[in-house]
Amino acid sequence: MAQPPEFRGNAYRDLAELKTWTKQRQEAALEPDLPIIDPHHHLWDDESRGRYLLPDLLEDVGTGHNIIATVFVETALMYRADGPAAMRPVGEVEFVNGVAAMSASGRYGKSRLCAGIVGNADLTLGDQVQPVLEALIAAGNGRLHGIRHSLGWDSGNARTGRTKLKSTAPRYLALDPIFRKGFARLQPLGLSFDASLLYTQLPDLVDLLHAFPDTSVILNHLGAILGIPPHDKRDEVFAIWRNYIRELAQFPNLSVKVGGLGMLRNGWDFHLRDIPPSSDELAAAWRPYVETCIEALGPARCMMESNFPPDKQSCGYGVLWNALKRITQGCSAAEKAALYRDTAARAYRLEL
């Protein structure tokens, strides 16, 4: 495997610049009739991340692939400005449910955007998270199917350019007894858990799955492989990650989102180019990770994702789906149906 490049300063492009940059690489959609549920994207509008709202999502979805529905995943957007702190994330679900209702009208195309919603709740509230979860479910109007409370922790040594990889949780949060009391409230309410953590923390997820064999857990972004210093020995990182993925495959209640490889923390050089990479180039870089995961868990527990707009740092939306389709070109029709639609529909209980 090619080793990651040195990062030259802070290489992040803002979303306005990315819109222009990604348009320099246009490709016709491969297998344009293949139905796709995109199970992981965001919407946001703030000073640090820029603006990515319904018009931007519509523009990306309209690049030739058959996106029949999407799942929105929490991103600390549109929280309530007042009221109890624990209840403020309900505002995000209220906002996204409004976007979903707009899409469901059919006035914005055939894709059912935000047909599923993954919200945020502070599971370290323990048993006291119950009313928060109930309020989130009510706000989702039948669309709230999961919760994500980030478990991501890093020592602070990993950097993309001048920017440290941000830790969003205490170390070993997944093992914390109070967190687990909150986690235990999900399954009785019919909610899944989106696990967002780094590849170094996957043993913690193994422990959590042992403790909760009946809770549906969806691992985000292949378990967040890193390719930036001090995680820049790509072959060594891959071997560690592969062993963890194979260990995780024993848990039938686990599904995996296959994607998130376009973020800068993965250590590719795509973001440094004047012209974005082709889907052939992306497929060559991403293939070992995608194929390893599908081989370990099977298509029925893997779902292909866009992770937009974060993955827009490396490519355009249409090119990303072409890259994934190139990697899965040898799969059967039934396997492709699972990877691109059925696993996501099952995991998020979507009725389309």
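Rule-based calculations on the coordinates, nothing more; no lab input. Note that the structure is predicted; figures quoted are calculated from it, not measured. Quick reminder, even Gly has a Cβ in these numbers, built from the backbone with ideal geometry, and neighbours come from all protein chains shown.
Relative to the globular-protein estimate of 2.2 N^0.38 Å, the Cα radius of gyration of region 75-150 stands at 1.13. Volume per residue for region 125-210 equals 111 cubic angstrom (convex hull of Cα atoms).
Dipole orientation for the chain: of the candidates H40, P277, Y52, P277 has the Cα lying most toward the positive pole (charges on Cβ; Lys, Arg +1; Asp, Glu -1). Expressed per residue, the C-alpha convex hull volume of region 148-296 stands at 113 Å³. Think of each Lys and Arg Cβ as +1 and each Asp and Glu Cβ as -1; about the Cα centre, that makes the dipole of the chain roughly 100 debye. Y317 sits among other residues whose Cβ lies under 14 Å from its own Cβ, and their net charge, with Lys and Arg +1 and Asp and Glu -1, is -2.
Computed from the alpha carbon positions, the gyration tensor of the chain leads to an equivalent ellipsoid with semi-axes of 28, 24, 21 Å, biggest first. Pair-distance distribution P(r) for region 198-283, from all Cα-Cα distances in 10 Å bins starting at 0: 16, 43, 28, 11, 2 percent.
Mean-square fluctuations from a GNM of the chain, with a 10 angstrom spring cutoff on Cα atoms, peak among P276, P84, P288 at P84. From the square roots a ≥ b ≥ c of the eigenvalues of the alpha-carbon gyration tensor of region 213-352, which class results: rounded (a/c under 1.5), prolate (a/b over b/c), or oblate? Since a/c reaches 1.5 but b/c is at least a/b, the shape of region 213-352 is classed as oblate.
Summing +1 for each Lys or Arg and -1 for each Asp or Glu among the other residues whose beta-carbon sits under 12 angstrom from that of C331 gives -1. With the helix formula -39500 (n - 2.57) applied to DSSP H stretches of n ≥ 4, the chain reaches a computed 222 nm mean residue ellipticity of -9500 deg cm²/dmol. Reported value for region 233-305: 93 Å³ per residue, from the convex hull of its C-alpha atoms. The residue among A338, T22, G227 whose Cα reaches farthest toward the positive pole of the charge dipole of the chain, with charges on the beta-carbon of Lys, Arg, Asp and Glu, is T22. Where is the GNM fluctuation largest for the chain (alpha-carbon springs, 10 angstrom cutoff): N253, N157, N322? It is N157. Scaling against 2.2 N^0.38 Å puts the C-alpha radius of gyration of region 1-145 at 1.22. Between R51 and A86, what is the FRET efficiency for a Förster distance of 22 Å, r being their Cβ-Cβ separation, to the nearest 0.05? According to the calculation, E is roughly 0.20.
Result for the chain in a Gaussian network model with C-alpha springs under 10 Å: among D235, D82, D33, the largest mean-square fluctuation is at D82.
Find the percent of Cα-Cα distances in region 200-246 that exceed 12 Å, and round it to a whole number. Tail of P(r) above 12 Å: 66 percent of Cα pairs.
Computed over region 296-346, the convex hull of the alpha-carbon atoms projects to a mean area of 3.9 nm².
Please give the net charge around R185, taking every other residue with its beta carbon less than 11 angstrom from that of R185, where Lys and Arg add +1 and Asp and Glu add -1. So the surrounding residues net to 0.
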